[in-house]
Amino acid sequence: MKIGVIFPASDRGMPVTELARELEARGLESVFIPEHTHIPVDSEKTFRGGVGRMPRSYAEMMDPFIACMAAASATKKLIVGTGICLVPQHDPIVLAKTVASLDVLSGGRFVLGMGGGWNIGEMNNHRVAYETRFAQLREHVLAMKKLWTEEEAEYHGEFIDFDPVWSLPKPMQKPHPPLLLGGETDHTLHRVVEYCDGWFPRPTHGFDPEEGMARLRRIAEEANRDPASLSVTVFRLPPNIAEVERYAEAGIERGLLQFNSLKRDIILQDLDEFAGLIN
């Protein structure tokens, strides 16, 4: 199994360039960077049902694409990705350009982890309706695929509509960087099978890797899609060797570990432990 990390890049923690070099030096495969463009002040009222405080890091996150580019520039082989990009909150023409440019400049090392989002206030400020966020995400992805793969691309949908355009550069990876979708439900898996390249679940709420992989295979086969064409990356992999081996045996390709703190000394300690999980 490939082992990487999740890192909410900010100006208060370890610089993402330094982290990237430390990851590569220890043989870890990747860094995935989450996204929130902003956090409405009243978000804590709805965060986890109003129970517990929202981590300050949610509001401090740097732009994940710029942070990914910085990490890629500081390394030679490290895979960089979003974990996750809130796709419906972006203009798809601009996002397609950003992704393609990052993929070219990184030498084909970018992965687009995607999600629909959960913060209603954040969505509202982007003029995205919570109820239609996944319908919008779908159209964004389908439109971006056309922009990445067609010389004169056009798309006509309910939310996205544009006549033929030129959009360059095209991504280095063909036909485009891997598209991973977050979530754990069967609804998520149907979306993954329809228009993504991989699944990006969180091992929470009794998640079982064997059962999850069986569900993915079943839904893919029902849709006449080869399950082998879909990768699985686990967000917040349990950091112990027994769980890593269990997830690997289930067929999960990549596991992302979470740091215990964003303080530099704690991160370095965690990295030394994480390196011991690499097969």
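The values are calculated or read from the model by the stated rules, or taken from the named source; none is laboratory data. Worth saying up front: this structure is predicted, and the values here are computed from it rather than measured. Neighbour counts are summed over all protein chains in view; Cβ atoms, including those assigned to glycine, are modelled from backbone coordinates with ideal geometry.
Out of P88, P64, P34, which single residue is at pLDDT 95 or above, within 16 Å of L112 (Cβ to Cβ), touching a Lys or Arg at 6+ places or on another chain (Cβ under 7 Å) and not β-branched (V, I, T)?
P88
Need pairs with beta-carbon distance below 8 Å; first residue farther than 21 Å from L179 by Cβ and of a type in the set (D, E) and within region 191-210, second modelled with pLDDT of 95 or more and surrounded by fewer than 21 Cβ atoms within 10 Å (Cβ to Cβ); sequence gap 6+ or separate chains.
E210/A250
Just the residues that are farther than 19 Å from S101 by Cβ and free of Cβ contacts under 8 Å to residues at least 12 places away in the same chain, please, taken from region 153-186.
Matches in region 153-186: E154, H156, D161, D163, T185.
Being buried (at least 24 other Cβ atoms within 10 Å of the Cβ) and outside any helix (DSSP H, G or I) is the filter here, so list the residues in region 9-27 that pass it.
A9
For K170, indicate whether it is charged (D, E, K, R), surrounded by 12 or more Cβ atoms within 10 Å (Cβ to Cβ) and over 25 Å from V244 (Cα atoms).
The answer is yes for K170.
Quick one: how many residues across region 141-152 are free of Cβ contacts under 8 Å to residues at least 12 places away in the same chain and over 13 Å from Y195 (Cβ atoms)?
Final tally of qualifying residues: 1.
So in region 229-247, with the set limited to residues that are assigned to a helix (DSSP H, G or I) and surrounded by fewer than 18 Cβ atoms within 10 Å (Cβ to Cβ), which one is modelled with the highest pLDDT?
Looking at residues that are assigned to a helix (DSSP H, G or I) and surrounded by fewer than 18 Cβ atoms within 10 Å (Cβ to Cβ), I get S229.
Which number in (1) touching a strand residue (DSSP E or B) at 6+ places or on another chain (Cβ under 8 Å); (2) loosely packed, with under 14 Cβ neighbours inside 10 Å; (3) assigned to a helix (DSSP H, G or I) marks the one condition that H187 misses?
(1)
Q89 fails exactly one of the following numbered conditions: (1) crowded, with 23+ Cβ neighbours inside 10 Å; (2) touching a Gly at 6+ places or on another chain (Cβ under 6 Å); (3) polar (S, T, N, Q). What is the number of that condition?
Unmet for Q89, out of (1) crowded, with 23+ Cβ neighbours inside 10 Å; (2) touching a Gly at 6+ places or on another chain (Cβ under 6 Å); (3) polar (S, T, N, Q): (2).
State yes or no: is D226 within 23 Å of C85 (Cα to Cα), loosely packed, with under 12 Cβ neighbours inside 10 Å, of a type in the set (D, E) and without any contact (Cβ under 8 Å) to a residue 24 or more places away in the chain?
no
Quick one: in region 20-39, of everything that is hydrophobic (A, V, I, L, M, F, W, C) and within 19 Å of R254 (Cα to Cα), which residue is farthest from the chain's Cα centre (by Cα)?
A25
Could you tell me whether any residue of region 160-167 is in a loop (DSSP other than H, G, I, E, B) and of a type outside the set (A, V, I, L, M, F, W, C)?
So far as region 160-167 goes, yes, one or more of its residues are in a loop (DSSP other than H, G, I, E, B) and of a type outside the set (A, V, I, L, M, F, W, C).
Between a first residue in region 232-252 that is farther than 16 Å from V192 by Cβ and a second residue that is aromatic (F, W, Y), which pairs have beta carbons less than 9 Å apart while being 6 or more apart in sequence or on different chains?
Once the first residue is farther than 16 Å from V192 by Cβ and sits in region 232-252, its partners that are aromatic (F, W, Y) give L237/Y247; P238/Y247; P239/F274.
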